[in-house]
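Note sheet for the following structure.
The values are calculated or read from the model by the stated rules, or taken from the named source; none is laboratory data. Here the structure is a predicted model, which is why all the values come from computation and not from measurement. Every residue, glycine among them, receives a Cβ derived from its backbone with ideal geometry; neighbour counts consider all protein chains shown. These accessible areas exclude ligands, DNA and RNA; they are computed on the full protein's heavy atoms, side chains included. Shrake-Rupley method; radii C 1.70, N 1.55, O 1.52, S 1.80 Å.
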Amino acid sequence: RRVVGGAIRRLKIRRRGTFVLAFVDGRLMAQLNRRFTGHRGLTDVLSFRYDGEATIGEVIVAPAFAREYARAHGFSYRQELARYAIHGLLHWLGHDDPTPQQRRRMRHMEDELLDYGARA
């Protein structure tokens with residue numbers, strides 16, 4: 001929550017409304033992934049943007065995915081979980097990452113926001 005709040009301030013997001021950050025188990029995440037993207041299996045993050053609603057957006061994170069990735073790559077679970085939340089926020093803002101170049105750019109933005117959040 002602290003990291004996402006810091007990122008929202010850093011990015012100067014001024015929209016009024018509720019921004020939901022939800023953590024769900026792997027089973028539900030796989031169901032949501034299938035329902036909303038048509039992809040099978042677990043994914044790390046899903047983002048939804050709602051215009052003209054009291055809830056302006058949702059970022060849904062799969063902590064199990066973050067835990068496995070962190071363990072496999074020697075990262076802190078908490079840091080990886082924060083990265084996923086920031087990653088979802090960037091998707092919510094319209095950033096995408098299907099190509100290697102876009103993934104590098106998004107990773108750079110995540111790093112900057114995580115560094116800022118750690119200092120805030």
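State the number of residues belonging to segment 51-60 that are open to solvent by less than 30 Å² (accessible area, probe 1.4 Å) and either of a type in the set (S, T, N, Q) or closer than 20 Å to Ala30 by Cα (or both). Talk me through it step by step, then tell me what you get.
Residues of segment 51-60 that are open to solvent by less than 30 Å² (accessible area, probe 1.4 Å), as a first pass: 56-57, 59-60.
From what is left, the residues that are either of a type in the set (S, T, N, Q) or closer than 20 Å to Ala30 by Cα (or both) are 57, 59-60.
Number satisfying all stated conditions: 3.
Across segment 15-50, which residue is least open to solvent (accessible area, probe 1.4 Å) among those that are in contact with a Ser or Thr (Cβ under 8 Å, 6 or more places away or on another chain) and hydroxyl-bearing (Ser, Thr, Tyr)?
Thr43
Take the residues in segment 61-105 that are touching a residue at least 40 places away in the same chain (Cβ under 8 Å), outside any loop (DSSP other than H, G, I, E, B) and in contact with a Leu (Cβ under 9 Å, 6 or more places away or on another chain); name whichever of them is most open to solvent (accessible area, probe 1.4 Å).
Only one residue fits best here, namely His91.
Return the pairs, sorted by first residue and then second, in which the second residue is part of a loop (DSSP other than H, G, I, E, B) and not aliphatic (A, V, I, L, M), the first residue lies in segment 8-28 and is touching a residue at least 60 places away in the same chain (Cβ under 8 Å), the beta carbons are less than 9 Å apart, and the residues are 6+ apart or on different chains.
Leu21/Arg1
Does Asp51 satisfy the criteria of being farther than 17 Å from Arg2 by Cβ, modelled with pLDDT of 90 or more and of a type in the set (Asp, Glu)?
On the way: farther than 17 Å from Arg2 by Cβ: yes; modelled with pLDDT of 90 or more: no; of a type in the set (Asp, Glu): yes.
Spelling it out, it is not the case that Asp51 is farther than 17 Å from Arg2 by Cβ, modelled with pLDDT of 90 or more and of a type in the set (Asp, Glu).
Anything in segment 1-52 that is farther than 22 Å from His108 by Cβ and part of a helix (DSSP H, G or I)? List them, or say none.
Across segment 1-52, the qualifying residues are Gly26, Arg27, Leu28, Met29, Ala30, Gln31, Leu32, Asn33, Arg34, Arg35, Phe36, Thr37.
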